[in-house]
1. Give me D for the range 105-185 in µm² s⁻¹, whole number, from Stokes-Einstein with Rh from the Kirkwood sum over alpha-carbon pairs, 37 °C and 0.692 mPa s.
2. Let me know the charge dipole size of the range 173-279 about its Cα centre in debye, to the nearest 20, where only the beta-carbon of Lys, Arg (+1) and Asp, Glu (-1) is charged.
3. To the nearest whole percent, what portion of all C-alpha pairs in the range 50-171 is separated by more than 25 angstrom?
4. Pop out the ³J(HN,Hα) list for the range 160-173 in order, Karplus 6.51 cos²θ - 1.76 cosθ + 1.60 with θ = phi - 60°, rounded to Hz; leave Gly and Pro as x.
5. Taking neighbour Cβ counts within 10 Å as the exposure measure, how do Glu52, Glu114, Glu245, Glu199 sort from fewest upward?
6. Please give every one of the aspartates and glutamates within straight-line cross-link reach of Lys92, meaning a C-alpha to C-alpha distance under 12 Å, and leave out same-chain neighbours fewer than 8 residues apart.
7. In what order do Val128, Val180, Val275, Val98 fall by count of nearby beta-carbon atoms within 10 Å, going from fewest to most?
8. Could you give the radius of gyration (one decimal) and Dmax (whole number) of the Cα atoms in the range 173-279, in Å?
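Nothing in this text is a laboratory measurement; each read-out follows from the coordinates by a stated rule. Owing to the predicted nature of the structure, the values given are computational and were not obtained by experimental measurement. Here the Cβ is made from the backbone with ideal geometry for all residues, glycine too, and neighbour counts use every protein chain on show.
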Amino acid sequence: MTLPALFGVGLSNSLVFTGVGAAFLSVAGIAWWVWRIVNAPRADHLLPTQRERDRRRLLRLRSGTYRRFEPVVDSLAAFFRKNSAGTVERLKRDLVLVEPPAPRHPDERWEPEEYLAVKQLDSLFIGVAAWAFVSLLLSAFWGAALGFGLILGGPRVLAGSVRKRAERYRAEVRARMPMVIDLISLMLEANATLPQCIEAVASENTGHPVGELFTVLGDSIRRNVPQDESLRRMADLIDDQDVNELVFTLTATGETSGLRDILRSMAGPMRVRRVQQLEQASERAKVNITWPGMIIMVGCLFIVLALFLLPAGQP
């Protein structure tokens, strides 16, 4: 073998060793960084309130990603707060209703930017795993395309699912609101106070969104938050016509003698609106069922026509 050939082989081997060494150092550096993040002490003593410390402690128990990568989540949350203000604002009202999933402590609440940051990290891990798996099965191009798609689109898709779950939550609250009003009016007729009515609604609807909503309301009142302010917070949280009407009545009339009669008159129209909403949902369901049926019917028609047209086209 000539000297130039030997030189070329040596150069090629040195480049391979250099590339392997660089890759090893990169992986080792990433592993060291992850180890430092996971094992870094959490500066809870610097948090402003005990409630914030309790909130973070509960979220660490709930989410492994948040527990291990809390400093990274805080940095990503600041990025989302600054650069995705619209998404954060739209997510804020819906997120508090459905995340974390019940059962949960009243203090166990995600900030919308934190939720997006955690889901971004989850999407990153899933995207990297999908990239490696698809690259082995198909090609590096399709692996990279799928991985980047999951990483970039994951948080947005999950935010959309939060919106749908929040709408279902509001629908369940709306469906039971006439019975809640009946219970409050009956207890007022028995000389119960409004806080006692709230506690009764919460206990009688345990495991239902209404029960959770009134549990949070009762907890706010026990924390010396003014009753009218607690009711308005609940109305802002749900943003539903029936709940707004109930809250307006309770805050405007107070615990007067005529309150039970006003509440009893409210329940009837709410039931009528509930029936109308069910009828509208039924009509939408019919439309959603019709279109798939028509597509299947057209496909079957083409299959039947093909049985006659294909023999006719043969010589």
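1. Answer from the Stokes-Einstein relation: 212 µm²/s.
2. Approximately 120 debye in magnitude.
3. 29
4. These are the phi-based 3J(HN,Hα) values: x, 5, 4, 4, 5, 5, 5, 5, 5, 4, 5, 5, 5, 5 Hz.
5. Listed from fewest to most nearby Cβ atoms, that is Glu52, Glu245, Glu199, Glu114.
6. Result set, ordered by chain and number: Glu111, Glu113, Glu114, Asp236.
7. Fewest-to-most ranking of Val128, Val180, Val275, Val98: Val275, Val128, Val98, Val180.
8. 12.9, 42
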